[in-house]
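Reviewing the structure listed below.
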Amino acid sequence: MKATGETPSGVLDRRVRRSPAVQLWRWGILLGLLILWEAGARLGWIDGFYFSSPAQILQTAVVKWQQGNLWADIVYTGASTLLGFVLGTVAGSAVGLVFWFSRRVALVSEPYLIVLNALPKLALAPVLVILFGIGFPSKVVLAFLMTVVTAAISAYGGVRSVDPALETLMFSLGAGRLRVFSHVVVPSAMPWIISGLRVNIALSMAGAIVGEFIASDRGLGRMIVYAGTTFDLKLVWVGVVVLSLLSIVMYGSVVLLEKALGKRWSAQRT
Amino acid sequence: MSGLSKVEVQGVTKAFGDVEGTVPALERISFQVPAGGFTSLLGPSGCGKSTLFNIIAGLMRPDRGDVLLDGRSVIGKPGQVGYMLQKDLLLPWRSIQDNIILGARLRHVPVKDALTQARALMERYGLKGFEKRKPHELSGGMRQRAALLRTLLTEREVLLLDEPFGALDALTRLQLQLGLTDVWQTFRKTILLVTHDVEEAIFLSDEILVLSRRPGRVRRQLTVPLPRPRTVDMLASPEVMGLKKELLELLLKEEGSANESNG
Ligand SMILES: Nc1ncnc2c1ncn2[C@@H]1O[C@H](COP(=O)(O)OP(=O)(O)O)[C@@H](O)[C@H]1O
Ligand SMILES: [Mg+2]
């Protein structure tokens, strides 16, 4: 039950993490950096054309928001990221889990998984756009491809970690293979599957954005490319900041999901 | 007595294949356990005791020989006997009571009935108040008790216990031994127990089988000459002392020859 994603954090560690001093420092440093950025741009230490400034970025964002495009782009990119993540995680986990039924199939597939994992799937983006068009589906497919292999590898790791004595016990109780699978294998593998979620949400977003970079008529990725080609660097920065926020929100949601699932599946921790 | 034994092991032989050839684990093991009997197996580690249990449980096929339960072969037919191991093997994501009814659930006993039975047993064997707890919240002794109840709730007439108390401290072990005796007498089970502990074998069993070092064969079969119910002070009687000495010497000889052949 070690691979539950979260590093082993003792009581002390948790207390320190929540302490007001730590919080103060964290936010303080962020604020300091923003002020430094703003001051730097205004006083000419850095080139405002390239680096813009927090105030300008905010202003551009507000204008964009009022035009109504920004929200539509956020939804577009967010939706393809989420859909790719969910489909990829479910399909990949299913494949990894099913390997439990046949050691031979698993052993034959193992090198393919490793190669597929190493394959730079983003390089496939142009092919996917040709195959699936410049619309929503090609983004989802790319996000899916980004996540499906790692999900399969996580789930397969979980399957291999199942205590053989537990399987023996189940068989001795007269359970068939399907029952052993659903009662022991799937729950045992859950912590491994859960631990893959954080990585996968980030990978999925990368897939969605690159898909938009290649060809798209909507989305935050497309907005950034468009702004770049028209030298509207303020807008590029808006895109980067909004993407970061979106990514933080998604990551946070996955962490919450992990916590909820973790409570259910890994009884080792309280 | 009646000639009809509950469990009959007939000439069971098993070898494991590996790269360098085959390693014999069991050689022509034969013995019988009468219905309601309590038989312990003693033997050096690696002599094939767990292998024998896996065969009796129908989880592994012998190369030769047969195992009969009520006169019918159980080879390759799991689920006919209750099986308990040294590790409690409670599912960590299930509550204690859900673990205890696992076997019953697999036999499609309605949850309600299984739970009623489980709760009564938990009360009787000191697990009351822990029904909804998760295994990691219990002590090792309590977890092993829960595992024993799960084995009991399989409602099989024969129970195989493979070093069930090996990992517990002396006092907890004694409590569980008393609990096991109670289970055995109340529910009239036929029990086969593997143990390393000579005293435990004497205290609990009607008969003791001593197996040789690998490949395991039946080296000696002894009857424990103690009346029932057994009490702790019987352990200090001269009969028990003599039996203990005899068993320890037999085991030492087996371990000793194992060391020689390894050296
Ligand atoms: N599945 C297996 N494959 C190969 N060898 C095994 C297997 N199970 C047990 N053995 C070998 O058989 C011998 C007996 O093992 P085991 O029955 O576990 O002994 P015991 O329970 O008496 O300590 C040991 O030498 C062990 O290494
Ligand atoms: Mg063993």
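The values are calculated or read from the model by the stated rules, or taken from the named source; none is laboratory data. Everything numeric in this text was worked out from a predicted model, so none of it was measured. Note that each Cβ is placed from the backbone with ideal geometry, even for glycine, and that neighbours are counted across all protein chains shown. These accessible areas exclude ligands, DNA and RNA; they are computed on the full protein's heavy atoms, side chains included. Shrake-Rupley method; radii C 1.70, N 1.55, O 1.52, S 1.80 Å.
For B:Leu160, are the conditions met, namely being in contact with a Cys (Cβ under 7 Å, 6 or more places away or on another chain) and under 30 Å from B:Val74 (Cβ atoms)?
Details: in contact with a Cys (Cβ under 7 Å, 6 or more places away or on another chain): no; under 30 Å from B:Val74 (Cβ atoms): yes.
Spelling it out, it is not the case that B:Leu160 is in contact with a Cys (Cβ under 7 Å, 6 or more places away or on another chain) and under 30 Å from B:Val74 (Cβ atoms).
Please verify whether region B:238-248 includes one or more residues that are under 29 Å from A:Ser172 (Cβ atoms) and in contact (Cβ under 8 Å) with a residue 40 or more places away in the chain.
Yes, there is a match, as at least one residue in region B:238-248 is under 29 Å from A:Ser172 (Cβ atoms) and in contact (Cβ under 8 Å) with a residue 40 or more places away in the chain.
I'm checking my understanding of the structure. Among residues of region B:38-49 that are crowded, with 20+ Cβ neighbours inside 10 Å and not hydrophobic (A, V, I, L, M, F, W, C), which one is farthest from ligand 1 (Cβ to nearest atom)?
B:Thr39
Given the conditions (1) modelled with pLDDT under 95; (2) surrounded by 13 or more Cβ atoms within 10 Å (Cβ to Cβ); (3) touching a Ser or Thr at 6+ places or on another chain (Cβ under 8 Å), report the number of the one that B:Ala258 does not fulfil.
Only one criterion is unmet by B:Ala258, namely (3).
Taking B:Ser45 as meeting all but one of (1) away from ligand 2 (no atom under 15 Å from the Cβ); (2) modelled with pLDDT under 95, write down the number of the exception.
Evaluating B:Ser45 over (1) away from ligand 2 (no atom under 15 Å from the Cβ); (2) modelled with pLDDT under 95 leaves (1) as the failure.
Considering only residues that are part of a loop (DSSP other than H, G, I, E, B) and of a type outside the set (Lys, Arg), which ones fall in region B:202-217? Before you say what the answer is, go through the steps one by one.
Within region B:202-217, the subset part of a loop (DSSP other than H, G, I, E, B) is B:205-206, B:212-215, B:217.
Residues satisfying the conditions are B:Ser205, B:Asp206, B:Ser212, B:Pro215.
Conditions (1) under 24 Å from A:Arg198 (Cα atoms); (2) modelled with pLDDT of 95 or more, marked per residue:
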| site | (1), (2) |
| --- | --- |
| A:Gly68 | no, no |
| A:Thr81 | yes, yes |
| A:Ala91 | yes, yes |
| A:Leu97 | yes, yes |
| A:Ala118 | yes, no |
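What about B:Pro238, is it of a type outside the set (A, V, I, L, M), under 16 Å from B:Phe31 (Cβ atoms) and over 19 Å from the mean Cα position of the chain (by Cα)?
Numbers: of a type outside the set (A, V, I, L, M): yes; under 16 Å from B:Phe31 (Cβ atoms): no; over 19 Å from the mean Cα position of the chain (by Cα): yes.
Considered against the rule, which asks whether it is of a type outside the set (A, V, I, L, M), under 16 Å from B:Phe31 (Cβ atoms) and over 19 Å from the mean Cα position of the chain (by Cα), B:Pro238 comes out as no.
For the condition more than 11 Å from every other protein chain (Cβ to nearest Cβ) and crowded, with 20+ Cβ neighbours inside 10 Å, what is the one hit in A:Leu197, A:Leu169? Show your work before the answer.
Details: A:Leu169 fails: more than 11 Å from every other protein chain (Cβ to nearest Cβ).
Selected residue: A:Leu197, the only one of A:Leu197, A:Leu169 that is more than 11 Å from every other protein chain (Cβ to nearest Cβ) and crowded, with 20+ Cβ neighbours inside 10 Å.
Could you please find all residues in region B:63-98 being of a type in the set (Ser, Thr, Tyr) and either in contact with a strand residue (DSSP E or B) (Cβ under 8 Å, 6 or more places away or on another chain) or more than 14 Å from chain A (Cβ to nearest Cβ) (or both)?
If we filter region B:63-98 for residues that are of a type in the set (Ser, Thr, Tyr), which is where we start, we get B:73, B:83, B:95.
Within region B:63-98, B:Ser73, B:Tyr83 meet the criteria.
Yes/no per residue for (1) in contact (Cβ under 8 Å) with a residue 24 or more places away in the chain; (2) within 16 Å of ligand 2 (Cβ to nearest atom); (3) assigned to a helix (DSSP H, G or I):
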position: B:Leu160; (1), (2), (3): yes, yes, no
position: B:Gly166; (1), (2), (3): yes, yes, no
position: B:Gln177; (1), (2), (3): yes, no, yes
position: B:Glu200; (1), (2), (3): yes, yes, yes
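Kindly indicate the residue of region A:151-166 that is surrounded by fewer than 18 Cβ atoms within 10 Å (Cβ to Cβ) and facing another protein chain (nearest Cβ under 10 Å) and also nearest to B:Ile55 (Cα to Cα) among those meeting that condition.
A:Ala165
How many residues are open to solvent by 90 Å² or more (accessible area, probe 1.4 Å) and under 15 Å from A:Thr81 (Cβ atoms) if we restrict to region A:211-270?
Total satisfying the criteria: 6.
Suppose we keep only residues that are small (Gly, Ala, Ser) and within 16 Å of ligand 1 (Cβ to nearest atom) within region B:52-75. Which one would you say is nearest to B:Glu157 (Cα to Cα)?
Top of the filtered list is B:Ala57.
Could you list, in sequence order, all residues of region A:172-187 that are without any contact (Cβ under 8 Å) to a residue 12 or more places away in the chain and either part of a helix (DSSP H, G or I) or surrounded by fewer than 21 Cβ atoms within 10 Å (Cβ to Cβ) (or both)?
A:Ser172, A:Gly174, A:Gly176, A:Leu178, A:Arg179, A:Ser182, listed by residue number.
What are the residue pairs meeting all of these: first residue in region B:140-152, first residue touching a residue at least 60 places away in the same chain (Cβ under 8 Å), second residue open to solvent by 10 Å² or more (accessible area, probe 1.4 Å) and assigned to a helix (DSSP H, G or I), Cβ atoms under 8 Å, and 6 or more apart or on different chains?
Going by the 8 Å Cβ cut-off, the qualifying pairs are B:Leu148/B:Gly179; B:Leu152/B:Leu121; B:Leu152/B:Phe187.
Could we say that B:Glu207 is away from every other protein chain (no Cβ under 14 Å) and either farther than 27 Å from B:Asp98 by Cβ or charged (D, E, K, R) (or both) here?
Against the criterion (away from every other protein chain (no Cβ under 14 Å) and either farther than 27 Å from B:Asp98 by Cβ or charged (D, E, K, R) (or both)), B:Glu207 qualifies.
Please work out which residue is most open to solvent (accessible area, probe 1.4 Å), limiting yourself to region B:157-175 and to residues that are away from ligand 1 (no atom under 16 Å from the Cβ) and at pLDDT 95 or above.
This residue is B:Glu157.
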